[in-house]
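Asker: Structure provided below as structure tokens; questions to follow.
The values are calculated or read from the model by the stated rules, or taken from the named source; none is laboratory data. It should be emphasised that the depicted structure is a prediction, and the values quoted were computed from it without experimental measurement. Neighbour counts are summed over all protein chains in view; Cβ atoms, including those assigned to glycine, are modelled from backbone coordinates with ideal geometry. For accessibility, only protein heavy atoms count, side chains too; no ligands or nucleic acids. Shrake-Rupley method; radii C 1.70, N 1.55, O 1.52, S 1.80 Å.
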Amino acid sequence: MELRLDRVTKKYGRKLAVDRLSAMMDRGVYGLLGANGAGKTTLMRMVCDIQTPTEGEILLNGTPIRDMGEEYRNLLGYLPQNFGYYPDFTPWRFMLYIGALKGLSKGAAKEKSMELLGEVGLLEVRNKKIKTFSGGMKQRLGIAQAMLNDPEILILDEPTAGLDPKERVRFRNLISAMAQNRLVLFSTHIVSDIEYIAKKILVMKDGQVIQEGNSQELLKTAEGKVWECIVSAAQADDMVQRFNVGNLKNMEDGRVLLRIVSEEKPAEGARRAEPTLEDVYLYYFKE
């Protein structure tokens, strides 16, 4: 399976949301990393065939998805950024409802719902109202409904926003387990969400992919640009204003340890440090 984006562009009046973006994806997890407003949601809605590109094409195995219609949509599972649900529904009732919308028979919907609610850890609470659920539980239900038709392409738009660290780890592991034999496009602005599970990371800014590669390849782009230095509190205040500071730690002697992302040596005595993917993010999103 090959999903290809060929110079995809989306304009809203004069606003350019996605700008001549090209990419190639097959099976595995692809992380779409970018700040809010980078164009990630618009891109995902076009991949889902909810919105039509102003220019360019999206092709599956060489065929434009706009020509495939229902055949393409049957291959999709989608968890939007603002996952909609009926508060008074139970997970069980909600899953059967979504199954009906996706054209599953009642028997198939029941069987698949049992299986998926078990996989996402909601089987024991399947008869409780969704409005009583935590954010993480709702997101796990969102994954379950997206997987009901056993999609070959799974689209997840900022799925961990608002989750606590424990739920984020659980959700990430769940996605990694479900990524076998399918293409997963995972949009986020949180580096740790995709650092270890993504086959490839696409860094998106101002509607364009400005860098792509696996974690190790992206780390190389920040080599020699990450520094650590120990300065006085007064110096630290000044350097925070002048440099891209990724971390600030107050020391017991009153001085401050700074971690800075900079092309140039930020201060006398500053030492180069090994970059992390968070440093890479700061390097590309200085603002």
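Asker: State which residue pairs qualify: first residue closer than 15 Å to Ile260 by Cβ and inside segment 222-234, second residue open to solvent by less than 60 Å² (accessible area, probe 1.4 Å) and among the basic types (Lys, Arg) in any location, beta carbons under 9 Å apart, and separation of 6 or more residues or different chains.
Answerer: Pairs found: Val226/Arg259; Trp227/Arg259; Glu228/Arg259; Cys229/Arg259.
Asker: Quick check on segment 121-135: of everything there that is in contact (Cβ under 8 Å) with a residue 12 or more places away in the chain and part of a helix (DSSP H, G or I), which residue is farthest from Arg93 (Cα to Cα)?
Answerer: Here the answer is Gly135.
Asker: From Ile175, Ile155, which residue is in a helix (DSSP H, G or I), touching a residue at least 60 places away in the same chain (Cβ under 8 Å) and in contact with a helix residue (DSSP H, G or I) (Cβ under 9 Å, 6 or more places away or on another chain)? Write out each step before concluding.
Answerer: Details: Ile155 fails: in a helix (DSSP H, G or I).
One residue alone meets the criteria, Ile175.
Asker: Just to be sure I understand the filter: pairs with C-beta atoms under 7 Å, separated by 6 or more residues or on different chains, first member in segment 5-23 and touching a residue at least 60 places away in the same chain (Cβ under 8 Å) and over 11 Å from Thr54 (Cα atoms), second member open to solvent by 60 Å² or more (accessible area, probe 1.4 Å) and part of a strand (DSSP E or B). Which pairs pass?
Answerer: Leu21/Gln208; Ser22/Arg7
Asker: Would you pick out the residues in segment 18-30 that are open to solvent by less than 80 Å² (accessible area, probe 1.4 Å) and either at pLDDT 95 or above or not small (Gly, Ala, Ser) (or both)?
Answerer: Listed by number, the residues that qualify are Val18, Asp19, Leu21, Ser22, Ala23, Met25, Asp26, Val29, Tyr30.
Asker: Ok, one more. Please pick out the residue among Gln145, Gln139 that is in a helix (DSSP H, G or I) and in contact with a Pro (Cβ under 8 Å, 6 or more places away or on another chain).
Answerer: Details: Gln145 fails: in contact with a Pro (Cβ under 8 Å, 6 or more places away or on another chain).
Exactly one of Gln145, Gln139 is in a helix (DSSP H, G or I) and in contact with a Pro (Cβ under 8 Å, 6 or more places away or on another chain), namely Gln139.
Asker: If you don't mind, another one. Does at least one position in segment 180-203 carry a residue that is without any contact (Cβ under 8 Å) to a residue 60 or more places away in the chain, of a type in the set (D, E, K, R) and surrounded by fewer than 18 Cβ atoms within 10 Å (Cβ to Cβ)?
Answerer: Within segment 180-203, not a single residue is without any contact (Cβ under 8 Å) to a residue 60 or more places away in the chain, of a type in the set (D, E, K, R) and surrounded by fewer than 18 Cβ atoms within 10 Å (Cβ to Cβ).
Asker: Those residues that are within 25 Å of Ser176 (Cβ to Cβ), surrounded by fewer than 16 Cβ atoms within 10 Å (Cβ to Cβ) and touching a helix residue (DSSP H, G or I) at 6+ places or on another chain (Cβ under 7 Å), I need them from segment 68-113; list them, please.
Answerer: The one that is within 25 Å of Ser176 (Cβ to Cβ), surrounded by fewer than 16 Cβ atoms within 10 Å (Cβ to Cβ) and touching a helix residue (DSSP H, G or I) at 6+ places or on another chain (Cβ under 7 Å): Gln81.
Asker: Out of the residues in segment 237-254 that are without any contact (Cβ under 8 Å) to a residue 24 or more places away in the chain, under 24 Å from Tyr281 (Cβ atoms) and aliphatic (A, V, I, L, M), state the one that is least open to solvent (accessible area, probe 1.4 Å).
Answerer: Result: Val245.
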